[in-house]
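Please read the structure below before turning to the comments.
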There are 2 protein chains.
Amino acid sequence: MSVLIVGSVALDTVETIKGKREETLGGSATFCSLAASSFTGVRLVGVVGSDFPERHVELYRRYKIDLEGLETAEGRTFRWAGKYADDFSTRETLNTELGVFERFDPKLPPNYRRTPFVLLGNIQPDLQARVLDQIEGKPFVVGDTMNLWIDLFPQKVVDLLPRLDVLTINDEEARQLSGKHNLSQAARWILDHGLGVLVIKRGEHGASAFSKDGRQFHLPAYCVDDVADPTGAGDTFAGALTGYMASRKATDFETFKKALVAGTLWASFLVEGFSTDGLLQLSHEDVLRRLAAFQEHTALPEMRLAMPNDTP
Amino acid sequence: MSVLIVGSVALDTVETIKGKREETLGGSATFCSLAASSFTGVRLVGVVGSDFPERHVELYRRYKIDLEGLETAEGRTFRWAGKYADDFSTRETLNTELGVFERFDPKLPPNYRRTPFVLLGNIQPDLQARVLDQIEGKPFVVGDTMNLWIDLFPQKVVDLLPRLDVLTINDEEARQLSGKHNLSQAARWILDHGLGVLVIKRGEHGASAFSKDGRQFHLPAYCVDDVADPTGAGDTFAGALTGYMASRKATDFETFKKALVAGTLWASFLVEGFSTDGLLQLSHEDVLRRLAAFQEHTALPEMRLAMPNDTP
């Protein structure tokens, strides 16, 4: 089944301890779409300027991404420039140029409106809502967001929760949105506001899922030897997760757990290269090898616990 | 098989958002020993002052902890006072009074010298080395340490590595000791200095083990609803881990993985109460219930990954 993905399309200039890349392909819709396209057909909704390089359009096409929803507007494409600390613990935004993205008003082509899986990439919550307003039927909706939107429009993010099946945010954002430090309490607060499943991303430490009906699933990250550029890791995680579920045509929690593994692995590939490189050089063999390693590194041993010295 | 545990014995005054406790039982040897005593016999090596309350001695006895190695010296017991931020993200040390601990020179009773499992709780690395100097035979040695010792005596910590089978440290300490930010690279650096297995504790995010021969095991933490007092969580983790291995009379990596689960669960119980309370109220049923929940929350689904849209 297809996934409709809305988000930003950007030209990123990124500097890390591993090097610098200028005006590479970025944006939440880009990372989400490329990751999801490993699993299923993708319909992209976004906007680029008249300066958007044709080679990036060709890249999308090579991954069979449907571009009917990608609008080209008069003006410059959204640009972002940032520099990561040598240890990747922080990043500094050096420049943000919204360009045509400033007036982005997502319009779904008619044949997009019944897409059964929707991924609302990280953009302003009003824009996410406007996409849902145009949807027909009852798709499975995954939403991503970030600290900026929780800062600026906390109520809009909360208002969106009942319209989402899944929200992916990181641990700090979960605390920020809920006002609770304890992650279990933060999860309950967010789920109590109408969400189906909350995914808390812990970066290099893994991820946790909490469902409205009390289920939990926690998984470690894949331990990457060498990070080149973490830009887009969260988008890639959400993209692979949603793409996996769409490819299985299923929305149950067991499928969701597998989708989290897919998200984890794809994010681990992404951060090994600059921009989208880590996803582009991906072969089926690489994926199988990494899945096997991840399974070996995380499979819980069968065990019982006998306590000889039971509480006196 | 028995475990020999050396560490501090302290009277802790702790304040958290959940309340305040004055002069409760604490210290690395206390938490390590109580946790290990769930699984096997414990021989404690430490020092207390002449003011050490008899009720704490009785508590150790109730848990069948061998106190032949617990020296009582003239003077005051080691005291520590600290206050945690409301969100537990930081803590401030309000008072440290070394008392008799300042002159602590661990002396092993003759019948302790052939103990097959040794846990060097978090104390000055010289003292840890002096314990190993008195050991006969080839025990399985687990060592714990902290940022303070890596700050003050980095070379002493490094010199100890070849004498340890396992070192448990947290992620920041691994980075500090190795000078590498990437945890996989940090692990390799530490293992290359002669250690057998490195356990990186990630606090509420779980733990990772890396072995000299290239094996890895990553596990999430148990997600605790409500933390009362995290003091001693790392000691408890190391104590349960070592106690579990001693009870299985095994040191292979598969047993070690199970020991990490035990450490994870015992630490989760500990933080739910002040001081040692979380361990004392522990019934066999509580343990079985939490193990089952942990297994349910972390069991990786069986999965294959077919990529319909393989790299073009």
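The values are calculated or read from the model by the stated rules, or taken from the named source; none is laboratory data. Here the structure is a predicted model, which means the values were calculated and not measured. Note: ideal-geometry Cβ built from the backbone for every residue, glycine included; neighbour counts use all protein chains shown. These accessible areas exclude ligands, DNA and RNA; they are computed on the full protein's heavy atoms, side chains included. Shrake-Rupley method; radii C 1.70, N 1.55, O 1.52, S 1.80 Å.
Principal semi-axes of the equivalent ellipsoid, √(5λ) from the alpha carbon gyration tensor of chain A, are 31, 23, 20 Å from largest down. Of the accessible area of the range B:44-149, with the probe set at 1.4 angstrom, what percent is carbon plus sulfur? Carbon plus sulfur share of accessible area: 46 percent.
Once R0 is set to 56 Å, what does the formula 1/(1 + (r/R0)^6) return for the Cβ-Cβ distance between B:K138 and A:D213, expressed as a FRET efficiency to the nearest 0.05? Step by step, r from the Cβ atoms, then E = 0.60.
Pairs to check: B:K156/B:K201; A:K18/B:K258; B:K83/B:K212; A:K180/B:K20; A:K258/B:K201. Give those whose C-alpha atoms are more than 28 Å from each other in this structure.
Working: B:K156/B:K201 21 Å; A:K18/B:K258 38 Å; B:K83/B:K212 38 Å; A:K180/B:K20 21 Å; A:K258/B:K201 25 Å.
Beyond 28 Å between Cα atoms: A:K18/B:K258; B:K83/B:K212.
What percent antiparallel are the DSSP beta bridges of chain A, to the nearest 5?
Values: 21 of 53 bridges.
Given both bridge residues lie in chain A, the antiparallel proportion sits at roughly 40 percent.
Burial of accessible area (probe 1.4 Å, heavy atoms of protein chains only) in the range A:82-125, relative to its chain alone, reaches at least 20 Å² for A:D87. At a probe radius of 1.4 angstrom, the accessible area of the range A:70-179 per residue rounds to 48 square angstrom.
For chain A, the relative contact order is 18 percent, taking Cα pairs closer than 8 Å that sit 6 or more residues apart in sequence and dividing their mean separation by the residue count. Counting 0.36 nm for each residue step from A:R130 to A:Q155 and taking away their Cα separation leaves a gain of 7.4 nm. Solvent-accessible surface (1.4 Å probe) assigned to B:H56 amounts to roughly 20 Å².
Phi-derived couplings, Karplus 6.51 cos²θ - 1.76 cosθ + 1.60 at θ = phi - 60°, listed residue by residue for the range A:167-176: 10, 10, 9, 8, 4, 5, 5, 5, 5, 5 Hz, with x used for Gly and Pro.
Could you work out, residue by residue across A:59-65, how many beta carbons of other chains sit within 10 Å of that residue's beta carbon, and then give the average as an integer? Display every interim value, and only then the final one.
Numbers: counts 1, 0, 1, 3, 3, 3, 1.
Per residue, the average neighbour count from other chains is 2.
3J(HN,Hα) along the range A:262-273: 4, x, 4, 5, 5, 5, 5, 5, 4, 6, 6, x Hz, from the Karplus curve 6.51 cos²θ - 1.76 cosθ + 1.60 with θ = phi - 60°, whole Hz, x for Gly and Pro. Comparing the chain by itself with all protein chains present, which residues of the range A:215-259 are at least 40 Å² less accessible (probe 1.4 Å)? Residues losing area: A:Q216, A:F217, A:H218, A:P220, A:C223, A:D225, A:K258.
The modelled label-to-label distance for the pair B:R113/A:Q295, using points 7 Å beyond Cα in the direction of Cβ, is 5.1 nm. Computed about its Cα centre, the charge dipole of chain A is approximately 900 debye, with only Lys, Arg, Asp and Glu carrying charge at their Cβ.
Accessible surface calculations at 1.4 Å, restricted to protein heavy atoms, place the range A:209-312 at 36 Å² per residue. Taking only the C-alpha atoms of the range A:198-297, the Rg (one decimal) and the largest Cα-Cα distance, Dmax (whole number), read 13.1, 39 Å. Springs join every pair of Cα atoms under 10 Å in this Gaussian network model of chain A, and among A:D126, A:D144, A:D51 the largest mean-square fluctuation is at A:D51.
A simple spin-label model places the labels of B:F253 and B:R62 4.1 nm from each other, with each point 7 Å out along Cα-to-Cβ.
First compute the accessible area of the range B:226-304 with a 1.4 Å probe, then give the percent of it belonging to carbon and sulfur atoms. Walk me through the intermediate numbers first.
Numbers: 1230 of 2720 Å².
Reported share for carbon and sulfur atoms: 45 percent.
Phi-derived couplings, Karplus 6.51 cos²θ - 1.76 cosθ + 1.60 at θ = phi - 60°, listed residue by residue for the range A:224-239: 8, 5, 8, 8, 9, 7, x, 4, x, 5, x, 5, 5, 4, 5, x Hz, with x used for Gly and Pro. Among beta bridges from DSSP that stay inside the protein assembly as shown, the antiparallel ones total about 40%.
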